[in-house]
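This report concerns only the one structure given below.
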Amino acid sequence: MATPVILDCDPGHDDAFAIWLAAGDPGIDLRAVTTVGGNGRLAHTTYNARVVCSVAGVTSVPVAAGADRPLRRTLTTAESIHGANALGGPELPEPTVAADPRDAAVLIRDTLDAATEQVTIVATGPLTNIALFVRIYPDRLSKIQRIVWLGGSTGRGNVTPYAEFNAWVDPEAVAVVLGCGVPFTMIGLNVTHQALVTPQVLGRIEAIGNRTAAFGVELLHFYNSTYETDQGMPDGPLHDPIAVALVARPELVTTVRTRLDVELLGTETAGATSVDLIDKLGRPANADVATGLDVDGFWDLLEAALRELR
Ligand code: RIB
Ligand code: CA
């Protein structure tokens, strides 16, 4: 039985692969895609989600735009990694997938209302849309199975020494979602930096030979070049599809039940995710945090899903 999923994202090169994994894996029933300002401005992330779906032939999943800025802070995008249009590299084809006229929160509400079972929300960008949904539709939270978030880290950050980008853009949203009572899973950089786009990985994807894989390889060449320049990593970490992989094949990702908090006030540490792995603070556990990845199994899963697409 496939798991019903709503994917909230900010495409973004790795978000594109999260969309494709969610659409191509038989264990996932992708019900909706919502977009948020993050890697790029909302207009770009929404257009890019439409392009990514169009390229892969994912034409029956509604795509709706959400928040164009964080709850309280000013949006700072990740242009140094994803480019000015947030999907740098290939020439983007005109999307055949239209934007759904609903706002992201309304699409999430309607998707939950239409479901006969609980739905999993996978979020691969800042948590602004999810936080807004929690505030606007608290009566719908019981329809959410759990929230699986690609963000944070049990260690160092990537946009400041201690903050990962999705958490740093909107730490207030992380706090709202953490406090809403829906089961929460965090997959951070401590795990995602094991999923590196090496020449071998590029070769595997290129060998798939369909349109989606060819477009994806162009994305990854750009992504690896900017990751080398910006982060000193010539093989870029493909973060976001790991969040989908955890839902599709839970055994691929090791998690621990622990205490997770987010720093809101720190001058140098705002957005840092504080993971109390050895229970020094004695606070009640509130999240499942990823600590390990079956890297080979992950690439096998992603390759198989890409083969299912156009
Ligand atoms: O820090 C990595 C995360 O931030 C990924 O989700 C990437 O797409 C960006 O959104
Ligand atoms: Ca993302």
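The values are calculated or read from the model by the stated rules, or taken from the named source; none is laboratory data. Given the structure is predicted, the values throughout are model-derived calculations rather than measurements. Cβ coordinates were reconstructed from backbone atoms using ideal geometry, including for glycine residues, and neighbour counts include every protein chain displayed. These accessible areas exclude ligands, DNA and RNA; they are computed on the full protein's heavy atoms, side chains included. Shrake-Rupley method; radii C 1.70, N 1.55, O 1.52, S 1.80 Å.
Kindly provide the Kirkwood hydrodynamic radius of the range 249-290 in Å, to one decimal, from all pairs of distinct alpha carbon atoms. Provide the component values of the computation, followed by the final result.
Numbers: mean 1/r = 0.0872 Å⁻¹.
One decimal place: 11.5 Å for the Kirkwood radius.
Per residue, how much accessible surface does the chain expose to a 1.4 Å probe? Answer in Å², no decimals.
Counting only protein heavy atoms, the per-residue value for the chain is 38 Å².
Provide the packing ranking of 90-99, 212-221, 226-235, i.e. peptides ordered by the mean count of other C-beta atoms within 10 Å per residue, highest first.
By packing density, highest mean first, the sequence is 212-221, 226-235, 90-99.
Past the 36 angstrom mark, what percentage of all C-alpha to C-alpha distances in the chain do you count?
Here the tail beyond 36 Å accounts for 8 percent of pairs.
Expressed as a whole percentage, what fraction of the accessible surface of the range 98-202 belongs to carbon and sulfur atoms when a 1.4 Å probe is rolled over the protein heavy atoms?
Working: 1970 of 3580 Å².
Roughly 55 percent of what the probe reaches on the range 98-202 is carbon or sulfur.
Please work out, to two decimal places, the log10 of the ratio I(q)/I(0) at q = 0.11, 0.12, 0.13, 0.21 Å⁻¹ from a Debye calculation in which every Cα of the range 157-270 carries one identical scatterer.
-0.47, -0.55, -0.64, -1.25
Tell me which residues come under 5 Å, amide H to amide H, from Val119 once H is placed; ignore anything under 5 positions away on its chain.
Ile144, Gln145
For Trp149, enumerate residues with amide H under 5 Å from its amide H, sequence gap 5+ or separate chain, H modeled in the peptide plane.
Ala123, Thr185, Met186, Ile187
Pull up all non-local amide H partners of Leu293: gap of 5 or more, or a different chain, and H-to-H distance under 5 Å with H placed in the peptide plane.
Under 5 Å from the amide H of Leu293: Thr254.
Would you mind getting me the FRET efficiency between Glu228 and Ala43? Use the beta-carbon distance for r and R0 = 41 Å, nearest 0.05.
After rounding to 0.05, the efficiency reads 0.90.
Between Arg135 and His221, what is 0.36 nm times their sequence separation minus the Cα-Cα distance? Round to one decimal in nm.
Result: 27.0 nm gained on full extension.
At what distance in angstrom do the alpha carbon centres of the range 279-302 and the range 86-134 lie from each other?
24 Å
Note the full-extension length gain between Ser80 and Lys280 as 0.36 nm times their separation in residues minus their Cα-Cα distance, in nm to one decimal.
Extra length available between Ser80 and Lys280 comes to 68.3 nm.
State the Cα centre-to-centre distance between the range 139-197 and the range 2-70 in whole Å.
With the range 139-197 and the range 2-70 each reduced to a Cα centre, they are spaced 17 Å.
Is it possible to state the helix-based mean residue ellipticity at 222 nm for the chain, with each DSSP H run of 4+ residues giving -39500 (n - 2.57), the sum divided by total residues, to the nearest 500 deg cm²/dmol? What is it? Walk me through the numbers before you get to the answer.
Working: 12 runs with 118 residues, N = 310.
Calculated from helices alone, the mean residue ellipticity at 222 nm is -11000 deg cm²/dmol.
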